[in-house]
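Scroll down for the structure; my scribbles are underneath it.
The values are calculated or read from the model by the stated rules, or taken from the named source; none is laboratory data. Quick caveat: nothing in here was measured; it's all calculated off a predicted structure. Quick reminder, even Gly has a Cβ in these numbers, built from the backbone with ideal geometry, and neighbours come from all protein chains shown.
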Amino acid sequence: MLEVKGSSVRIGIEAPDGVRVHRDEVLRRIEEENRNATGSSRESVGGGVLQTPKEGREKVSTFVTARFGEIPVPEVGVIRFSDGLPGFPEARRFLLLETGEEQVFYWLQSLDDPALAFVVMDPALLVPDYMGRLTLPEWDREFFAPVAPADLSAMVIVTFGEEGATANLLAPLLVREADRLGRQVILAESEEWLRMPVFLPKKNPETP
């Protein structure tokens, strides 16, 4: 789209409904953050993986990962990212694994690439009203419809670096629980949200 007003020229992009359009530099930064996050080691998350097969009649297969060896994969637990993730377009099926940091950190293990896994966490641990503050672009709202943004499940990718852990609240992974369909969305929020320091209260060793 091209618009001329006096001495000003405005250039835009027309795209079909439901197609995401982001500035190249923004998308590249999210791709870079995702790639950096894959460097997290097993030692980054205390206690390793605690996931065990759930009882019941659900269909369970297995998958051999590079970090954790063979893991059970309950079909109902698979999260599908139909667009892949920025930087990893072919990684579309993931499984959330519990860790020793109960209710804090989780591993999001790719079921398409045995070596690909991210440490993730609930953004509400850092920003309690996070979901209420979400304003999704129109194409993302249409993707998750009829579920409202505030009713989606959210997790954010954590990167462990030399200066500690940071969470990417600017590009959360949102999931529609009814069909386990997910997408990593890019928000128009503060730049501080790209690398939010992860400061969690330490447990009192005297507390059971």
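Just checking, does region 36-49 include any residue being at pLDDT 90 or above and crowded, with 18+ Cβ neighbours inside 10 Å?
yes
For region 90-108, does any single residue satisfy the condition of being closer than 16 Å to Gln184 by Cα, buried (at least 17 other Cβ atoms within 10 Å of the Cβ), touching a helix residue (DSSP H, G or I) at 6+ places or on another chain (Cβ under 9 Å) and at pLDDT 95 or above?
Among the residues of region 90-108, at least one is closer than 16 Å to Gln184 by Cα, buried (at least 17 other Cβ atoms within 10 Å of the Cβ), touching a helix residue (DSSP H, G or I) at 6+ places or on another chain (Cβ under 9 Å) and at pLDDT 95 or above, which makes the answer yes.
Strands (runs of 3 or more DSSP E) wholly in region 155-200 with at least 1 residues that are out of contact with any Pro (no Cβ under 9 Å at 6 or more places or on another chain) and farther than 20 Å from Asn36 by Cα - which ones?
173-176, 181-184
Does Ala167 qualify as being aliphatic (A, V, I, L, M) and buried (at least 17 other Cβ atoms within 10 Å of the Cβ)?
yes
Hey, among Pro114, Pro128, which residue is modelled with pLDDT of 95 or more and in a loop (DSSP other than H, G, I, E, B)?
Only one candidate passes the filter, namely Pro114.
How many of the residues in region 170-185 are in contact with a Leu (Cβ under 7 Å, 6 or more places away or on another chain) and either farther than 16 Å from Leu108 by Cα or basic (Lys, Arg) (or both)?
Adding up the residues that qualify gives 4.
So if I check each of Ser61, Ser82, which one is surrounded by fewer than 17 Cβ atoms within 10 Å (Cβ to Cβ), under 24 Å from Gln109 (Cβ atoms), over 20 Å from the mean Cα position of the chain (by Cα) and at pLDDT 90 or above?
Ser61
Restricting to region 132-148, and then to whatever is surrounded by 19 or more Cβ atoms within 10 Å (Cβ to Cβ) and touching a helix residue (DSSP H, G or I) at 6+ places or on another chain (Cβ under 7 Å), can you tell me which residue is modelled with the highest pLDDT?
This residue is Leu136.
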